[in-house]
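The block underneath contains the structure these notes are about, expressed in structure tokens.
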């Protein structure tokens, strides 16, 4: 029987894995630069954690979660997003409280039962941040600036920040009613999902991507006109901070995120190269979530980056070759004595930090050269019986085809710009029969 990867999943093969590593390394570098510390949570949690935090009427909870009962009948769910899990971990381990400012980041797989498409899989990966303990709009600005800086560090251009405020518990009910009243008079021509959301969660209609629905949504009430005094002042300060930081953004008065816990700031970074599902990063404030999950009221903000989408963009924009790590030295051998010398050189080379390899399957020299080329080795060192006797062999630069003879003693140092570590004599340098008068004590 021939097995294949399940629909909606994808093998990340070695060539592409280097790009993933490059992206993940950049994420970690930027997150550490802003003093975020890594947190790792289980890939499954109690189902109630997600249904309570994300919202019972959201598409994620109703249609997309991978939920199962364990052998004791407890309902568990593969995490569809990470924020709720980070909050749970922070509360359980006393890392989150109103008077404790804390910053975390995560990188890992998430799971949603969705229709697979470009940059979207049923098992997908996110890198994200969560900051707890401050309601200051300056923190909102920092989070958005960090997202932009991360994309810039990857060489990406042509991205846009969409920005909105969805209000708080005081002003959201009024906006929700205005949205519901507006859509009630237009709902007949909208999709089945929007018709269902009208009564259960009208705010979710604003997130619909159907073309026919988008035309109606474009004229829906703007959240900015329904903000309370506190939310309005918070949003205006945020815009001023972003202007001062020279961040290019576009106000999107009907932007909502697909999760019910957002308050005040909501934003996303979009790419024109991904079609209708074009958001590569999304986030915002969730000032009520910690309290809803059993903690003390603690303001918070965060974002998540879809790594599959980011990989797709980098491939399309030819930014996929930045990771310079690879095989530096391949040692090709002829005969058993040469294999022994090669193996010894490999051990020493790896101790010096040189990525190196050799053949372990008895290939001919021609086949070994092909293997080195296939593995994109930068240099090939060719050792035969004569070379073993001479103590040196030919080193070939695979890019230029230049060849030169290098001794076994120097092969791990001179070609790669490393200095050999030579053992110093114990006295003045005259050897074992000391005549220099230096005191060896």
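Key figures for this structure:
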{"item": "Chain lengthening between residue 93 and residue 2 when straightened (0.36 nm per residue, less Cα-Cα)", "result": "28.3 nm"}
{"item": "Efficiency of FRET between residue 200 and residue 350 - r from beta-carbon atoms, R0 60 angstrom, step 0.05", "result": "0.50"}
{"item": "Separation of the residue 138 and residue 192 label points, Cα + 7 Å toward Cβ, nm", "result": "5.2 nm"}
{"item": "Degrees, to the nearest 10: 229-244 long Cα axis against longest axis of the chain", "result": "30 degrees"}
{"item": "Extent along principal axes [Cα atoms of the range 18-156; Å; largest to smallest]", "result": "44, 41, 26"}
{"item": "Peptides 227-237, 396-406 ordered by average Cβ neighbours within 10 Å, highest first", "result": "227-237, 396-406"}
{"item": "Between helix 137-153 and the chain: long-axis angle, C-alpha atoms, 0 to 90°, nearest 10", "result": "40 degrees"}
{"item": "Distance (nanometres) between label positions extended 7 Å along Cα→Cβ at residue 63 and residue 233", "result": "4.1 nm"}
{"item": "Rg/Rg_ref, the chain, where Rg_ref = 2.2 N^0.38 Å and atoms are Cα", "result": "1.32"}
{"item": "Backbone N within the range 383-400 under 17 Å of label point (7 Å from residue 365 Cα along the Cβ vector)", "result": "383-398"}
{"item": "The chain, relative contact order [Cα under 8 Å, separation at least 6], %", "result": "15 percent"}
{"item": "Cα centroid of the range 343-378 to Cα centroid of the range 203-257, whole Å", "result": "56 Å"}
{"item": "Sequence ranges 381-388, 79-86, ranked by mean other-Cβ count within 10 angstrom, highest first", "result": "79-86, 381-388"}
{"item": "Net length gained if the chain between residue 38 and residue 149 were fully extended (0.36 nm per residue, minus Cα distance)", "result": "38.1 nm"}
{"item": "Antiparallel bridges, percent of DSSP beta bridges restricted to the range 329-416 (to nearest 5)", "result": "55 percent"}
{"item": "Relative contact order, percent, the range 329-416 [alpha-carbon distance under 8 Å, six or more residues apart]", "result": "32 percent"}
{"item": "Calculated [θ] (222 nm, deg cm²/dmol) that DSSP helices of n ≥ 4 give over the chain, each run adding -39,500 (n - 2.57)", "result": "-10000 deg cm²/dmol"}
{"item": "Relative packing of 70-77, 186-193, 334-341, which averages over residues the other C-beta atoms within 10 Å, highest first", "result": "334-341, 186-193, 70-77"}
{"item": "Computed FRET value (nearest 0.05) for residue 245 with residue 405, which takes r as the C-beta separation and R₀ as 45 Å", "result": "0.20"}
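Quick note: the coordinates plus some simple rules give every number you see, no bench work behind them. As the structure is a prediction and not an experimental result, all values here were calculated from the model. Positions of Cβ are backbone-derived with ideal geometry, glycine not excepted, and every protein chain shown enters the neighbour counts.
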